[in-house]
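Input: a single structure, listed below in C-alpha cells.
What follows is calculated from the coordinates using simple rules that are stated; it is not laboratory data. Keep in mind that what you see is a predicted model, and the values were worked out from it rather than measured. Neighbour counts are summed over all protein chains in view; Cβ atoms, including those assigned to glycine, are modelled from backbone coordinates with ideal geometry.
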Amino acid sequence: MLEFGFYIPTKIHFGQGKVEEIGKITGAYGKRALVVTGKSSAKKFGFLQVIQEKLKKEGIEVLLFQQVEPNPSVDTVSKGAHLFKEEKCDTIIALGGGSCLDAAKVIGILAKNPDPLEHYFGKNKVKEEIPPLIAIPTTSGTGSEVTPYAVITDTEKENHPKKIIADPHIFPREAILDPALTISLTPSLTSDTGIDALSHAVESYLSKKAFPLSETIALEAIRTIGEYLPRTINNLEDMEARSYLMYAATLGGMAIALTGATILHAMGYPLTSNLGFPHGRANGILFPWFWEKSFPGNPEKFSKIIVNLDKRAKEYQIKDTRESALLLKKFLHRSGLPESTDIKIEEKSLVSFTHEILKNKEKMLVSPKQLSFEEILDIYKKALLA
Ligand code: NAP
Ligand code: FE
C-alpha cells in the first residue's frame, strides 16, 4: 500500500543573478548575520564581496567566519558557534560548497542547543530549531540546501569518522541557487560534485524507502545529470549546462531528503576520512562495482536508471548487469572521473572498512540488495586494488 511523508520546507530562489537578492531575503529574518564561508573561494571569486555589499545596503551587520575546511571538523563548527553567540548574531548565511552549508547547520545547532555536539549525532536528536539559515551553494553536488542532514568529521576519534546529523530542525529556511556562482569550479571539482549529485539521485531511486514522488524527482535528476554533466565537463563556461546541473543537484538533495541514501554513500565515507578522496569521487570510484553487485536486487530499476542516464542505452536495450555497469563506467569517465587511482592501500584496511560498513544496519536494510561481507570487500578491492 502507498504510504509516505513529505517535508522539505526550504524556500528556493533559482536563477542567474539571484544572489543579489540576499539583502532583502536576509532582512526578513534579522539585522546581524554570521556569514560562513570556506577559506578561499568565496573571497577569491568575488561572491563574498557582492553579499557584503548587498547586506550593508539593507542595513544588516555582517560578521565573517571564513574558516570552513572541506569535510568540516567538530573543532571548526565549535569556533563558528562561539562567534555566533559572542557577537549576538540572529541569522546565518552559508556561502560555499556542501562543507560550508553543513558547517553552518551545525553552528546553528550549537548556537541553540546546550549539549556537546556528539549528543546530536544520529537521527532526530536536535531539540531546538537552528536560527534562520540562508544557504547559497557554490557547488552543484550535495543538495545540502534542501536536506535535513549535516556531515561532520569527528577529529577526536581514531580514523576521523564522518558523523551524520539528520534532523528536520536543521533545514535551511531559504536557498539562493545562482548557477553563476559555479562557473569558477575546476574540471575536477565539477566532476566530483556532479557525481555526488548523481549518486544521491540513484541511491534514492533504488532505496527501499523510495515512493512514486521521490522516484519521479530522482529520475528527473538522473536524466538531467545524464545530459548536462558531460556537457559541462566539455565546456566549463556553458552557463545553460551549469544551470541545469545546479537544478539537478538540488533535485538530488530533495530525493535524499525524502528517502536517505544507501550503502554506497556509507562505503564512500572511509575513502574520504582515511584516504583523502573528495566525497563525490569516493562514491564515483565505488559506483560501477556497487552497481554490478547490487543489480540483481532490482534489475528493473537499474535498467530504468541507465536508460535515463544515457539516451543511447535505449537503442542497446540494456538487460545485462555487466553491460549496464560498463555504460555507467563510461558515463562516469565522460563526466571527468579519473580512469585510475594511484592510492596505495593494503587489503587489511579494506577489511576493516568492510567490518565498519556491516555495522550500519539501517543503510544495509534500505539498499537494493543485501550485500555480504565478501561482496562489500570485493567492491573495495576492485575499486582500489585492481
Ligand atoms: P566542499 O568540500 O564544500 O568544497 C570542496 C572545494 O571546492 C573547496 O576547496 C572549496 O574551496 C572549493 N569550492 C567551492 N565552491 C567553489 C567555487 N564556486 N569555485 C571554486 N572552488 C570552489 O565540496 P562539496 O562536494 O560541495 O561538499 C562536500 C561535503 O558535503 C562533504 O563533507 C560531504 O560529506 C557533505 N555532504 C553533505 C550532504 C548533505 O545532505 N548535507 C550530502 C552529500 C555530501 P573553499 O573551501 O575555499 O571555499
Ligand atoms: Fe553525498
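Just the Cα atoms of the stretch 237-386, one point each, no solvent: what log10 I(q)/I(0) does Debye give at q = 0.09 Å⁻¹?
So the normalised log intensities work out to -0.30.
With +1 assigned to the C-beta of every Lys and Arg and -1 to the C-beta of every Asp and Glu, and no other charges, what is the dipole magnitude of the stretch 187-384 about the Cα centre in debye, to the nearest 20?
340
Taking amide H atoms as placed 1.01 Å from N in the peptide plane, list the residues 5 or more away in sequence, or in a different chain, whose amide H sits under 5 Å from that of T91.
For T91, whose amide H was placed from the backbone, the distant partners under 5 Å are R32, L34.
Test of understanding: express the Cα radius of gyration of the stretch 11-182 as a ratio to 2.2 N^0.38 Å, with N the residue count.
Computed over Cα atoms of the stretch 11-182, the ratio equals 0.94.
Quick one: Karplus J couplings for the stretch 336-348, per residue in order, coefficients 6.51, -1.76, 1.60, θ = phi - 60°, nearest Hz, x for Gly and Pro?
My calculation for the stretch 336-348 gives x, 5, x, 5, 8, 10, 10, 7, 9, 9, 8, 4, 5 Hz in order.
Over all Cα pairs of the chain, how is the pair count split among 10 Å bins, expressed in % and running from 0 up to the last occupied bin?
P(r) over the chain, rounded to whole percents: 5, 25, 34, 25, 9, 2, 0.
Among S367, A313, S349, flag the residue with its Cα farthest along the positive direction of the charge dipole of the stretch 296-375, charges on Cβ as +1 for Lys/Arg and -1 for Asp/Glu.
Toward the positive end, the furthest listed residue is A313.
Find the centroid of the Cα atoms in the stretch 223-291 and in the stretch 170-219, then give the distance between the two in whole Å.
7
Figure the gain on full extension for K39 and E20 (residue separation times 0.36 nm, minus the Cα-Cα span) and round it to one decimal in nm.
4.7 nm
Return the calculated 222 nm mean residue ellipticity for the chain, to the nearest 500 deg cm²/dmol, obtained by summing -39500 (n - 2.57) across DSSP H runs with n ≥ 4 and dividing by the residue count.
About -16500 deg cm²/dmol.
Restricting the count to DSSP beta bridges whose residues both fall in the chain, what percent are antiparallel, rounded to a multiple of 5?
15
Answer rounded, prolate or oblate for the stretch 221-310, using the Cα gyration tensor with square roots of eigenvalues a ≥ b ≥ c: rounded when a/c is under 1.5, else prolate when a/b is larger than b/c, else oblate.
oblate
What shape does the stretch 100-182 have by the C-alpha gyration tensor, where a ≥ b ≥ c are the square roots of the eigenvalues, rounded means a/c under 1.5, and otherwise prolate means a/b greater than b/c and oblate the rest?
Oblate shape, in that a/c is at least 1.5 and b/c is the bigger or equal ratio.
The stretch 124-269: percent of C-alpha pairs farther apart than 24 Å?
Looking at the stretch 124-269, the distances longer than 24 Å represent 33 percent of pairs.
So how many Å³ per residue does the convex hull of the Cα atoms of the stretch 1-63 work out to?
Given the Cα convex hull of the stretch 1-63, per-residue volume reads 139 Å³.
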